[in-house]
Structure formats: structure tokens, C-alpha cells
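Beneath this line is the structure, given in C-alpha cells, with notes to follow.
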Amino acid sequence: MVPLAVLLRRETSSEKMERPDVLHGQASQSKKGEDFTLIKTALQRDPGDSDATFSVFAETQGSTWTTVIFNSLYPLVGIKKSYFCANYLPEATLQILSALIGIKKSYFCAIYLPEATFSWLCRFRQHCCNLFDGHNGSGAAIYTKEKLLDNILGAIPSDLNRDEWLAALPRALVAGFVKTDKQFQNIALTSGTTVTFVIIDGWVVTVASVGDSRCILESAEGSVLYLSADHRLEVNAEEVDRIIASGGEVGRLNIVGGAEIGPLRCWPGGLCLSRSIGDKDVGELIVPVPHVKQVKLSNAGDRLIIASDGVWDALTPQMALNCSRGLPADVAAHQIVKEAVQVEGLKDDTTCIVIDILPPEKITPTAPPTKKQGMRVLKQMFRRKSSELSSNSDRNFVEPDVVEEIFEGESALLSQRLNAAYPIHNLFKLYICAICQIKMKPDESFSVNGNSHQSGRLQPWDGPFICRSCQEKKEAMEGRRPSRDSSFRKSSGSE
């Protein structure tokens, strides 16, 4: 009989099971008090299985579970620290253990594990790092910080394995952003916020963003990649075209004599951004639908920098990286903020989060080579997922510092971002709104792919379906329904 510790040790040596160490630091200097961050470093998720009896998303503190959620329990009524859910184990190990104990896999809920093994398994967790840069007040930023994560997780089915969970995440991010925006509009506040939302699951990084708080990635080789979009109208021609096509106007402030000053703005309202959460008074053409990019990193080690426009108005990405290179994440974040304030002065809230995603036991990131290889490096680093790399033997010969693009979505149309061509079973329930997750009656459902109410019997292939209020919001965002009341707003900060 092979000891459990030996089985686990063999699995940990496999590249497939290797998980990075994630280190983070943050720093901020406040001018108006409208920047907020949310960092959760101990989100524990059971990947689930179609045959499994439970699915878990728990938050831990150290190695102690503070929240454990079971869909159903078979042999165990509760769970102690010395027990651990079997679905965290690799498939091969689970099959061996099931055979040794002599029970079916579907009934195999937990096994006894020593403290050291439990601590190792707790490395299979997710990290969530978010930045909210408010404008016209802090209400939207505070509300979004409190509600967005729950809204996103609520849009993901509970019976998915890890690969399915990651595949469902981009759609859930869209649903969560739109739901949060809808909820905040019911509050009599007119503030708004940018959002940069980052989830790290192993070597897979998913970034959702609205506004101009950007997220960049530097590889171990020294190449820089943009993982977020910049939704300032001044630099985003596609968003300008979208707003004009939907019936909005884009222009600069007019002063006496007809001269135009300042950046491009969306009218009515005068906001400089095309996407945000909140901003109730500027119209529905400012949409909360996020740009989403999901990538798989190499195991050479990478650094993420998430920062508000207080940093990016003062520093280029290369300047931010240069001034912090080789420093630990917490020191690097403070150095970037310090450098930005020295360049521009404290004109706006200036916030930075630095995240190092490193191979196990690599304490600090090494400085990348100084010699650059030009655009060829960028083209080689970003590649689409390919069936040619499906075998293990092929992967062994891939360049060691390659970032694989898994998904990118940037359309502002919900019909394209919540489409039915989706490989996850039971993601869109016939009588559950795909956005706000409320139950609907059969005659109250609208297909996100159409413009009218569904008549007759609903069919799964017509979905996903949304409720009446979400349909009205969708039509307003597309310029097909009168927008919410809007008025001129004197712009300031990131607006």
C-alpha cells in the first residue's frame, strides 16, 4: 500500500499541479479620498465535479476555515480542520484512495489529512485584488467594493470543475458588473467609479475593467502587456464610435467664443469615460460592461501593477516598472506612488497595487534582462490557445516565458457578452435572469439575443434569458430606449 504522503508528494512534483506563490503590496496617497482597494488572499474554491456531492467556495484565514458551504453532505455532517474535501485532490489520487477504502467516488466526501498536508492543500486557492477609483463622491466606489465580488460569484453555477469555473468567469464578470450598476442606481447617489478586478487562480489571471485604472503585466523576460482597457474617450476611438452610433454626442467643453478645451466627453453628462459603474446622472450610454482578458502565465514568474489614474497620469508603464524593479511587492507599490507624486505632485488620489506571481520558493522577482528584443518578443509572448500544444510532450518545448491568451471580450453589447454559444451546462436557467439571478415567470423572460418578449414555450437554445428590468437596461445601453435622467456635471478628477 502506498502511503498518502507519498502519493501527494508525487503529485506536487508534477508541473500540472504546481501553484505559484502570490505576494502583494499596496500603497496610496489621498487627495479626495475616493480611491479604494479590496484584496482577498485566501479565497478557497473546491473545483467540483459532475459526480461530486458538493461544491465549496470558502474564505480561509491561515489554515482555519471560516466558511464552508456544502450543497449536500453524505457521510459527514461537519468538517474539522483535520479533514479536507476530496475534490481538492488530483483525479488519479482520488481514484486510488477510493479503491483502497472501497467506496464509490460519488460518496467520497472527506479523508483524514495531517496538518502539514492540509497546509499544502490550502495553497490551492484564489487571490482577488481590486481597485476602485471613485469620482463625484465616494459612494459608488464604496458600494461596488462591498457588493461586486458577491454578485460575480452568484452568477457562477456551483457544480463546475476548475476548468469550467474559469471558463464561466468572464460571463459572470459581465453579469456581476451590470447587476452591481443596477443596484447602485436604485440609491439616490450620482457618483461613479472605475473598477479593475483581478482574480488569480494558479497561473491563470483574469482581469475585468471599466474606466481608466489600468493593469499591466511584466514578464520575467521584461516584456510589458496590457491586461485592461483604457476607456477614456480621448484615447479610445471604438468607444467614441459606439456612443455616437447609439445616439450620444462626444465633444469637448465649449467656452466663450466657441473654443473647445479639455479632453473628449460624452454628452449629456460630460463624463470623460465611456464605461463605469454608477454615474446615474450621465445616461445609460456610459455602460458598466467590462473589458475582460484572461491569460495563462508561464511559470517563470511575472509582476502585475494595478494603479489608478493618479499614477498613470504621471508615469508611463515602463517608468513604473523601472522605478520598482527588483523590489519586493510591498516596497515596489510605495515606490511607484512616491515616484508619481514627485513627478506630478498630489493632484489626485494616487493608488497602486503590486502583485508578484512567482514559482514556489522564489522569494523575490529577479530583474529581467536589460537587452530588449523588440516587437518580436510581444508577438511571441501573447499567443492564442492552440490545439497544437495539447499534448504534454509539445508543452515541454514551448518557450519558458510565454503568456497564453485564453479569452478576451470587449464588446459593450450584452447579446455578445452573454451569448448562448457557451460550453457550460446549466449556466443559463430558463427561469433565472442571467444578470440579476432573480426567478422569473415563464411569460416574463426576454432573450438576450432578441429585442422582444418571448412568446410560447421557452427553449434553452434561445437563451440566455433576462428579466424585464434588465431588458430595459439593455435597450437603454444600446440607445433603443430613453436613458435615465441626465444633466450637466462639472467634471473633476478622473471624469
Separation in nanometres of the label points that stand 7 Å from Cα toward Cβ, at Glu472 and Glu260: 3.5 nm
Principal axis dimensions, largest first and in whole angstrom, of the range 235-290 by Cα: 37, 22, 19
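In the neighborhood of Val205, defined by Cβ-to-Cβ distances under 14 Å, what is the net charge if each Lys or Arg adds +1 and each Asp or Glu adds -1?
Every neighbour counted, the sum reads -3.
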Nonlocal amide H pairs with Leu253, under 5 Å, H built at 1.01 Å: Ile261
Filter on Lys145/Lys182; Lys293/Lys473; Lys179/Lys474; Lys280/Lys473; Lys182/Lys280; Lys31/Lys182 - keep pairs with C-alpha separation over 18 Å: Lys293/Lys473; Lys31/Lys182
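All of the numbers you see were taken from the coordinates with simple rules; none came from a lab. Everything numeric in this text was worked out from a predicted model, so none of it was measured. Every residue, glycine as well, gets a Cβ built from its backbone with ideal geometry; the counts of neighbours run over all protein chains shown.
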